[in-house]
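The values are calculated or read from the model by the stated rules, or taken from the named source; none is laboratory data. In this text, all values refer to a predicted model and were calculated from it rather than measured experimentally. When we count neighbours, we look across all protein chains shown, and the Cβ atoms used for this are built from the backbone with ideal geometry, even at glycine.
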Amino acid sequence: MFSYILKRILYMVPTLILTSILVFILIELPPGDYFESYVNELRAAGETVDPKLIEYLRTEYGFDKPIWERYLQWATGMLVGDFGYSFEYELPVNEVIGDRLFFTIIVTFFTIIFTWIIAFPIGIYSATHQYSWGDYGLTFIGLLGLATPNFLLALIMMFLANEYFGTTIGGLVDPQYIGEPFSWGKFVSVLEHLWIPVIVIGTSGTAAMIRRVRANLLDELRKPYVTTARAKGMPEFRGLMKYPFRMSLNFFIADIGGLLPTIISGAEIVAIVLSLETTGPILIQALQSQDMYLAGSFLMLLGFLTVIGVLISDIALAFLDPRIRLQGGVSR
Amino acid sequence: MRSGDVNREMSATPLLKIENLEVSFEIQGGHVYAVKGVSFSINPGEVVAVVGESGSGKSVIAQSILRILPRNADITAGSILFNDPNDNNEAIDLVRLNSKDQYLYELRGGRISMVFQEPMTALSPLHTIGNQVQEALVLHREKTDAQARSETEEILRLVGFPNPARGYEMYPFELSGGLRQRAVIAMALICNPAMVIADEPTTALDVTVQAQILGLLKELQKKFNTAILMITHDLGVVANMADKVVVVYHGEVMEAGSVHDIFRRPRHPYLKALIAAIPHFEMEEGERLVSLRSNDADQSNKTIHKLAAKFKAPDESKTKGPHLIVKNLRKEFTSTKGSWFGAGESKKTIAVDNVSFEINQGECLGLVGESGSGKTTVAKLVMRALEATSGSVSLNTSNGMSDILALSGPQLMEFRRRVQMIFQDPFSSLNPRMTIQNILSEPYIIHNVGTAQKRQADILDLLQLVGMEPHCLNRYPHSFSGGQRQRIGIARALALHPELMVCDEPVSALDVSVQAQILNLLNDLRKELGLTSLFISHNLAVVNYVAERIAVMCQGKLVEIASKEQLFANPHHPYTRSLLSAVPYPDLDRLLDFENIKYSSSMEADDWGDVYKSSQDAGLESIKVDEGHFVLANCNCNISELRP
């Protein structure tokens, strides 16, 4: 088992190197650079720029150097935690992201928990009562959630919250707490605002999750070992939890790998509509304005989280499923 | 006198009494009755067999007793009275109980337990054997963990686990099929129930393992005086196990009685037909199986005769001698543990080990062996579906013997026309998205034979040849029964006028009655078309019915080859003998010798006598013991040592 984990960690190295090369090529691909789009923007606004200043900035940030040299600088910088400089914010990338990462993780964490708490019981009910009115009704509601555009739901929820609870519109805290150090009042204010994005982002995820829990569990419920458990006199619910439900969890564990990257990049549009202080909107803006180090670092972070996520699900799967752990005649 | 007879006198009230049971299934647009008024009873310690074809409702009866029917099934009438010998209360009608009644949960696994057909899927792959076996004990008898564990290990020892403590910790996928089924039996017996329902307990097992499992069931049944309700389609198993037999057909009891009445004096035409449809070893030369629902066999015979000339392989001036020669064939599979760094360890498995045989022109050679013995690999090597590691396969053609393994390009394509295969599973061997028309024209398209009109005419003749109607051309495989699909598979194989036919377990997925039809069809076709064939099967009776010579394979080696008369009358190799002694005959005068099977099983090469093992200075060699009768033995041995 230990050698398996070690091997998996070693595999991550070439994967990440390849990812960083791809990311760098991608952000270099669009014609021009940040300064060009900056100049265009200023011109569109009717202002003039000194070409000498731009030229100076280009040399300053090393844009005259060959591409591989810039790649190496960026890639080696990341190893020591230096993700480069954001031109737009005129701050190191670390500082731009760092602030918002905290809020992002809070929102996503609660969203995921919300999704699971709602989706699992409903999915299990739907599977065990297949084709009943309950199944159809819950499926219908779930599909409604899936079909409603998130930004629309966000607007409606925001209106309702303001109308009935007096919550300020947008953001994750009341305006008075912005920039303040953390206090009890700020914490309560965060919780007050949190439920809207959690529900909005959660609904579509919940609906999809319900369908998958239902489908996976239904597959397992038809297996003969379920009959075996019943024939042994196992009470229905205990048997359900011990055998088919546990088997159906494999898909879910394999999914954890995909969950991690959504922590920083999920639900951008909702975040913009609700003006949440999360990382999603920054990523979109960075891509639009060709703020290359900011965008590149973001993509790299996503890649890293994906690789870590897959590692975690692989290890968890191996722990939970003896067939994976002991395959190929591995001695134990 | 059988054990059941004693008990019947001792206890007047039966353990379980089923009366007029009716079970209906709700399907789209109505109800279908799977069980229509079935009645029978089981006495304490008695073995009752319920026999029938698939779809006869026998499994539904079993599920009704434990009330574990699928959700769309409903018991609409009748009663199931269970009279627990452990308490003196009145019999309880299981049908009347509410489906959530606590008594039902105590009954299941506690008083009546079940053994399932497929031990791999009946056990959860994620839980250890010990965990699953002791579950009933934990549920029904309040035991501490230590007690439960020691009792579980005790029952595992009893069902024949060589190392119960280790077996307790193992997962089902780490065990062989036989051990898995032993674990399932242990699971059923651990609470010492009054009755065990065994639903096709040995159908998924090899014949020698089957004999052992049957012996084990019988032994434990006597030891604990447990009643067994045995559900099976195999009359051979019935004859060896049952005290009483209930024959069901389409949800109704056709005939019921003691095992003697059923086998010595079958009365109902269905039962008589069922017995006549099974191939057995005493068949006369040329005797035909009587198919259960025979659709005028003579007629189809005439059709085949009429069309035979058309589908015969083109005549060639062949050299004298065998049609196919396989010499020192060897196939190794290497499995490499995947690794990006370094080469990784590779593990070699020898699937086919130095196999040699010949098939004469127009002859049928039967290849017998248990699962994993390498018989299908041999077939694939002969077909050139796999590449051999070493050895040679040569086919008799107009240019003399040509080496099949060296063919390539157009010659290989030409060879493919000569050799065709019939597959085991009629469900997965036909593409579900192609119509029968497409399936049957594909061989012509691939080999670019004939014009569109000519092909169409050929396809229609093909259908007639295998006894199908022309109107099924536009239908898809799913609309046909297993037997019809197998006919389509045969038609596809015959399309290119092959001269060698490789049949890989062509009837093992079919019911007894359909099996008889397909075997008769294959026999007729083979004789009329003059086909040479290699017929692979694990069922010795089937091979005996179709083949002229039989080769026995074990662990990749061909251990014995002889004409079928020689092999059955005078088997030499210990493996062949144990194989023959393990076949359950549907005949009360030739019952299995369970004691003998238990103690002298020769499945493991270690148990064979020294003359059958290779030694340091001498390998194994095929030794001639009689005209056309060869046995694999140590090449230094004396022929007289080989006489059994």
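From the set of residues in the stretch B:169-180 that are of a type outside the set (A, V, I, L, M) and in contact (Cβ under 8 Å) with a residue 40 or more places away in the chain, which is farthest from the other protein chains (Cβ to nearest Cβ)?
The extreme case among them is B:Gly177.
For the stretch A:205-225, does any single residue satisfy the condition of being buried (at least 22 other Cβ atoms within 10 Å of the Cβ), over 26 Å from A:Val270 (Cβ atoms), within 14 Å of chain B (Cβ to nearest Cβ) and free of Cβ contacts under 8 Å to residues at least 40 places away in the same chain?
Yes - at least one qualifying residue is present in the stretch A:205-225.
Tally time: how many residues in the stretch A:228-280 are buried (at least 20 other Cβ atoms within 10 Å of the Cβ) and charged (D, E, K, R)?
Total meeting the criteria: 2.
Report, by residue number, each residue of the stretch B:419-445 that is aliphatic (A, V, I, L, M) and under 24 Å from B:Leu534 (Cα atoms).
Result: B:Val419, B:Met421, B:Ile422, B:Leu430, B:Ile439, B:Leu440.
Where residues in the stretch B:133-166 are of a type outside the set (Val, Ile, Thr) and under 27 Å from the mean Cα position of the chain (by Cα), which of them is surrounded by the fewest Cβ atoms within 10 Å (Cβ to Cβ)?
Filtering the stretch B:133-166 for residues that are of a type outside the set (Val, Ile, Thr) and under 27 Å from the mean Cα position of the chain (by Cα), the one surrounded by the fewest Cβ atoms within 10 Å (Cβ to Cβ) comes out as B:Pro162.
When the stretch B:439-457 is examined, which residues are found to be surrounded by fewer than 19 Cβ atoms within 10 Å (Cβ to Cβ) and either of a type in the set (Asp, Glu) or under 31 Å from the mean Cα position of the chain (by Cα) (or both)?
The one that is surrounded by fewer than 19 Cβ atoms within 10 Å (Cβ to Cβ) and either of a type in the set (Asp, Glu) or under 31 Å from the mean Cα position of the chain (by Cα) (or both): B:Glu442.
Any residue in the stretch A:181-195 that is in contact (Cβ under 8 Å) with a residue 12 or more places away in the chain sitting within a Cβ distance under 9 Å of a residue that is acidic (Asp, Glu)? List the pairs, counting only those 6 or more apart or interchain.
Matching pairs, first to second residue: A:Lys186/A:Asp174; A:Lys186/A:Glu180; A:Ser189/A:Asp174; A:Glu192/A:Asp174; A:His193/A:Asp174.
Tell me which helices (runs of 4 or more DSSP H) are completely within the stretch A:241-297 and hold 3 or more residues being within 27 Å of A:Leu155 (Cα to Cα) and either touching a Cys at 6+ places or on another chain (Cβ under 8 Å) or of a type outside the set (Val, Ile, Thr) (or both), or say none if there are none.
A:246-265, A:279-288
Across the stretch A:113-131, which residue is modelled with the lowest pLDDT among those that are surrounded by fewer than 20 Cβ atoms within 10 Å (Cβ to Cβ) and aliphatic (A, V, I, L, M)?
Selected residue: A:Ile113.
Output the residues belonging to the stretch B:53-107 that are of a type in the set (Gly, Ala, Ser) and on the phi < 0 side of the Ramachandran plot.
B:Ser54, B:Ser56, B:Ser59, B:Ala62, B:Ser64, B:Ala73, B:Ala77, B:Ser79, B:Ala91, B:Ser99
Go through the residues of the stretch B:397-405 one by one and say whether even a single one is in a strand (DSSP E or B), among the charged types (D, E, K, R) and farther than 27 Å from B:Ser291 by Cα.
Yes - at least one qualifying residue is present in the stretch B:397-405.
Testing A:Gly171 on (1) part of a helix (DSSP H, G or I); (2) touching a residue at least 40 places away in the same chain (Cβ under 8 Å); (3) small (Gly, Ala, Ser); (4) buried (at least 17 other Cβ atoms within 10 Å of the Cβ), one condition comes back false. Which one is that?
Only one criterion in (1) part of a helix (DSSP H, G or I); (2) touching a residue at least 40 places away in the same chain (Cβ under 8 Å); (3) small (Gly, Ala, Ser); (4) buried (at least 17 other Cβ atoms within 10 Å of the Cβ) is unmet by A:Gly171, namely (1).
Quick one: how many residues across the stretch B:25-68 are among the hydroxyl-bearing types (Ser, Thr, Tyr), free of Cβ contacts under 8 Å to residues at least 60 places away in the same chain and surrounded by fewer than 20 Cβ atoms within 10 Å (Cβ to Cβ)?
The number of residues fulfilling the criteria is 1.
So which of B:Ser335, B:Ser346, B:Ser317, B:Ser339 ends up being exposed (fewer than 12 other Cβ atoms within 10 Å of the Cβ), touching a strand residue (DSSP E or B) at 6+ places or on another chain (Cβ under 9 Å), at pLDDT below 75 and not charged (D, E, K, R)?
Exactly one of B:Ser335, B:Ser346, B:Ser317, B:Ser339 is exposed (fewer than 12 other Cβ atoms within 10 Å of the Cβ), touching a strand residue (DSSP E or B) at 6+ places or on another chain (Cβ under 9 Å), at pLDDT below 75 and not charged (D, E, K, R), namely B:Ser346.
Suppose we keep only residues that are surrounded by fewer than 20 Cβ atoms within 10 Å (Cβ to Cβ) and within 21 Å of B:Met170 (Cβ to Cβ) within the stretch B:91-125. Which one would you say is nearest to the chain's Cα centre (by Cα)?
B:Glu118
For the stretch B:373-401, give me the residue count where each residue is small (Gly, Ala, Ser) and buried (at least 16 other Cβ atoms within 10 Å of the Cβ).
Residues flagged as small (Gly, Ala, Ser) and buried (at least 16 other Cβ atoms within 10 Å of the Cβ) within the stretch B:373-401 amount to 7.
Let me spell it out: the conditions are (1) modelled with pLDDT of 90 or more; (2) hydrophobic (A, V, I, L, M, F, W, C); (3) surrounded by fewer than 24 Cβ atoms within 10 Å (Cβ to Cβ), and B:Val184 meets all of them except one. Which number is the exception?
It fails just one condition, (3).
Could you check B:Ser41 against (1) modelled with pLDDT of 90 or more; (2) over 21 Å from B:Arg108 (Cβ atoms); (3) of a type in the set (Ser, Thr, Tyr) and say which number it fails?
Among (1) modelled with pLDDT of 90 or more; (2) over 21 Å from B:Arg108 (Cβ atoms); (3) of a type in the set (Ser, Thr, Tyr), the lone unmet condition for B:Ser41 is (2).
Going through the stretch B:271-309 one residue at a time, which ones are more than 14 Å from B:Val514 (Cα to Cα), at pLDDT 80 or above and not hydrophobic (A, V, I, L, M, F, W, C)?
Result: B:Lys272, single match.
Of all residues in the stretch A:82-117, count the ones that are at negative phi and not in a helix (DSSP H, G or I).
9
For residues that are over 23 Å from B:Val378 (Cβ atoms) and of a type in the set (Lys, Arg), tally how many sit in the stretch B:507-548.
The total comes to 1.
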